[in-house]
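Below you'll find the structure, written out as structure tokens, and then a few comments.
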Amino acid sequence: MPFYNPPDPMIQTLRFVLGDQLTRNLATLRDLDPARDVVLMVEVGDETTYVRHHKQKIAFILAAMRGFAKSLEKEGIRVDYVKLDDPANTHSFTGELGRAVTRHKPACIVVTEPGEYRVLEMMRGWPDMSGVPVEIRDDDRFFCSRAEFAAWAKDRKSLRMEFFYREMRRKTGYLMQGDAPVGGTWNFDSENRKALPRGHQVPIRRRPAADPELRAVLDLVAARFADHFGDLEPFVWATDRAGALAALREFVAERLHLFGDYQDAMKSGEDFVYHAVISPYLNAGLLTAREVCDAAVNAWRDGTAPLNAVEGFLRQILGWREFVRGIYWARMPDYAATNYLNAQRRLPDFYWTGDTKMKCLRETIGATRRNAYAHHIQRLMVAGNFALLAGIAPAEIEEWYLIVYADAYDWVELPNVHGMVLHADGGVLGSKPYAASGAYIDRMSDYCKTCVYDRRKRMGADACPFNFLYWNFMIENEAKLARNPRLAMPYRTLGAMAPAERETLRAAASAFFESLER
Ligand code: FAD
Ligand code: DLZ
Ligand code: SF4
């Protein structure tokens, strides 16, 4: 019985650690007294099914939770760990906290703020539910606290990542020389848009071996969540800190130097390209953002990775990751309800089955199913771009992203999908929608070469759907988007288009949508 602790009326503090808070230095655990405190961790049905997560996502979190609990126990810390198949499990955070309070009779409960608004709402009810004071601590694993972001955002007419990122560079001193950015510029994006050369061999990403503990979790998930999306095996994730650190080291040694050059590149059969593939570890707490940024900046100092790669990588973590979290907490709960472009279409079935003739989507959904992962450009410019152009209802596609990716929690998934991809927030997160035709996908990938559609054609039976959908999107949203200075070019082209051509594009899009319904 590895995790069971008998009732103890002397417990001072019950420290509740959630499945994405697996960090030894978590605020909840910092002043822990092993003699008087108990750590509570619970596997609950509500969290495994509030959306029907990818099988590997559930297995990753449960295995990582069990491993983390064991590592605390090795330190002599008492952990009250409730397993999913415990017959007394009430299957909710609130129910399990209530039972734990009855077991341990603590004087107080300590938690760290959660990653999802719905869980914060639960936490607010815990003092009344338990009759015990509940202290909710800041999650200081982020560089920027919620209060600091709110202060930065206050009185700004628009919130732009670039300016926030510069503040974060100044605050942390990463890649700074006094007040100026190292290399004389904040941004190396123009160097970072290369496609992979023909025949280029991407380094192979190593997969950790399954131990007996992971095997038990995989069997549990196979039995209990058989009808959830995604392949369970081969399982591609490490589930403890040592494995996460090894993945970080492998990335820094073998891929970081080309991260910048190929950060937007896509290639058939290459599920990871030069990406770090560490987001599940970061978001669950197995790695900290600071140690990841330190590792990258040290590689630049040591001369093993160039500035464009390291700056590009730092920008993702110090910039985007912190920025989307700031927006989430500053704007929730109203943020999720906006639908600026009034998108209403149902999510096509092929997002689940991968059964589509569009090669780019087949590749992206295939990778997603295999790994509970797709890299950023597949998420943004393929799966996301299609959802934007097709006018998929925000709630439908947001749920898909939350389900299918092992790194998906509301704080990070929602702003990326709702704001960056769908422009459903009307421009809070980004100044324009990332709408693109087939030409972009062709430039950055080899997908179009073996696709049944012709990416050069706008019309006709074999025209690339991204082409007519792109123009249909611009026409449908003309009233809302035409005055956006960043969309001046497409609207100039549209302005020069003959009415008959516009009509033909609209008709092609309608026929395509009808075929999707069928
Ligand atoms: P790399 O490309 O190697 O980047 C390094 C790290 O930077 C990532 O691990 C991640 O922590 C951070 N990062 C990069 N871009 C972003 C971003 N836009 N927002 C936040 N962090 C970022 N990321 C998630 O962690 N969870 C999500 O649910 C999620 N959903 C997304 C949905 C859409 C539509 C888009 C466009 C992006 C989403 N992202 C999400 C951001 C990004 O795609 C992933 O963080 C990245 O693909 C993870 O793979 P990696 O570790 O190989 O990242
Ligand atoms: C995602 C997830 C899953 C699948 N299961 C659990 C669980 O059984 N127990 C737990 O503590 N956390 C789980 N999580 C992560 C939570 O959903 C996450 O902590 C909240 O969404 C707050 O961000
Ligand atoms: Fe995707 Fe169009 Fe290229 Fe086919 S031709 S892979 S549908 S962008």
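The values are calculated or read from the model by the stated rules, or taken from the named source; none is laboratory data. Worth saying up front: this structure is predicted, and the values here are computed from it rather than measured. Here the Cβ positions follow ideal geometry from the backbone for every residue, glycine too, while neighbour counts run over all protein chains shown. We work out accessible area using only protein heavy atoms, side chains counted, and drop any ligands, DNA or RNA first. Shrake-Rupley method; radii C 1.70, N 1.55, O 1.52, S 1.80 Å.
Couplings for the range 221-227, taken from phi via the Karplus curve 6.51 cos²θ - 1.76 cosθ + 1.60 with θ = phi - 60°, read 5, 4, 6, 9, 10, 4, 8 Hz in order; Gly and Pro are left as x.
So if R0 is 45 Å, what FRET efficiency would GLU517 and ARG24 give, r being the distance between their Cβ atoms, rounded to the nearest 0.05? With a Förster radius of 45 Å, E is 0.30. Working note: Cα gyration tensor of the range 350-517, eigenvalues times five, square-rooted, sorted largest first, giving semi-axes of 25, 20, 13 Å. Once Rg and the Kirkwood radius are both taken over the C-alpha atoms of the chain, their ratio Rg/Rh works out to 0.98. Placing +1 on each Lys and Arg Cβ and -1 on each Asp and Glu Cβ, with no other charges, gives the chain a dipole about its Cα centre of roughly 1320 debye. If the chain linking THR450 and ALA289 were pulled fully straight, counting 0.36 nm for each residue of separation and taking away their Cα-Cα distance, it would gain 54.1 nm. A 23 angstrom limit on the alpha carbon distance is what I want to check against. Which of LYS55/LYS449; LYS83/LYS105; LYS359/LYS480; LYS57/LYS194; LYS359/LYS432; LYS154/LYS432 exceed it? Table pairs above 23 Å Cα-Cα are LYS55/LYS449; LYS359/LYS480; LYS57/LYS194; LYS359/LYS432.
Based on the Cβ-Cβ distance of ASN298 and LYS105, what FRET efficiency does E = 1/(1 + (r/R0)^6) give at R0 = 60 Å, to the nearest 0.05? Plugging the Cβ-Cβ distance into 1/(1 + (r/R0)^6) gives 0.80. Taking the Cβ of PRO499 as the centre, find all other residues whose Cβ is under 14 Å away and add up their charges (Lys, Arg: +1; Asp, Glu: -1). My count for the surroundings of PRO499 gives -1.
For the range 232-308, the square roots of the Cα gyration tensor eigenvalues, ordered a ≥ b ≥ c, give a/c of at least 1.5 with a/b no greater than b/c, which places it in the oblate category. Legend: P(r) of the range 353-433 from all alpha carbon pair distances, 10 Å bins from 0, whole percents, reading 19, 55, 23, 2.
Annotation for ARG170 and ALA209: the two label points, set 7 Å from Cα along the Cα-Cβ direction, are 5.2 nm apart.
Of all DSSP bridge pairs formed entirely within the chain, close to 15 percent run antiparallel. Amide H contacts of ARG137 (H built 1.01 Å from N, in plane; Pro and chain starts excluded): VAL111, THR112, GLU113 sit under 5 Å, all sequence-distant by 5 or more or on other chains. Label sites at THR49 and VAL182, each approximated as a point 7 angstrom past Cα along Cα to Cβ, lie 5.0 nm apart. In the chain, the longest principal axis of the Cα atoms and the axis of helix 499-517 are about 40 degrees apart.
Using equal-weight Cα scatterers in the Debye expression, the normalised intensity of the range 13-137 in log10 at q = 0.11, 0.12, 0.18 Å⁻¹ is -0.34, -0.41, -0.98. Other residues whose C-beta falls under 9 angstrom from the C-beta of SER92 contribute a net charge of -3, scoring Lys and Arg +1 and Asp and Glu -1. I need the shape label for the range 272-338. Rule: rounded when a/c is under 1.5, else prolate if a/b > b/c, else oblate, with a, b, c from the alpha carbon gyration tensor. Taking the square roots of the gyration eigenvalues as a ≥ b ≥ c, the range 272-338 is prolate. When the P(r) is computed for the range 135-184, the part past 16 Å accounts for 50% of the Cα-Cα pairs. Here the extension length gained between ARG370 and ALA395 equals 6.6 nm, from 0.36 nm per residue of separation less the Cα-Cα distance.
Highest average first, the peptides 456-462, 118-124 ordered by how many other beta carbon atoms sit within 10 Å of their residues are 118-124, 456-462. Farthest toward the positive end of the dipole of the chain, out of VAL42, SER145, PRO306, is the Cα of PRO306, where the dipole comes from beta carbon charges about the Cα centre. Ligands, DNA and RNA left out, the accessible area of the range 13-137 computed with a 1.4 Å probe is 53% carbon and sulfur. For VAL82, the residues whose modelled amide H falls within less than 5 Å of its own, excluding neighbours fewer than 5 places apart on the same chain, are MET41, VAL42, GLU43.
Computed from backbone phi with θ = phi - 60° and the Karplus coefficients 6.51, -1.76 and 1.60, the 3J(HN,Hα) list for the range 289-303 is 4, 5, 5, 5, 5, 4, 4, 5, 5, 5, 5, 5, 4, 6, x Hz; x is used for glycine and proline.
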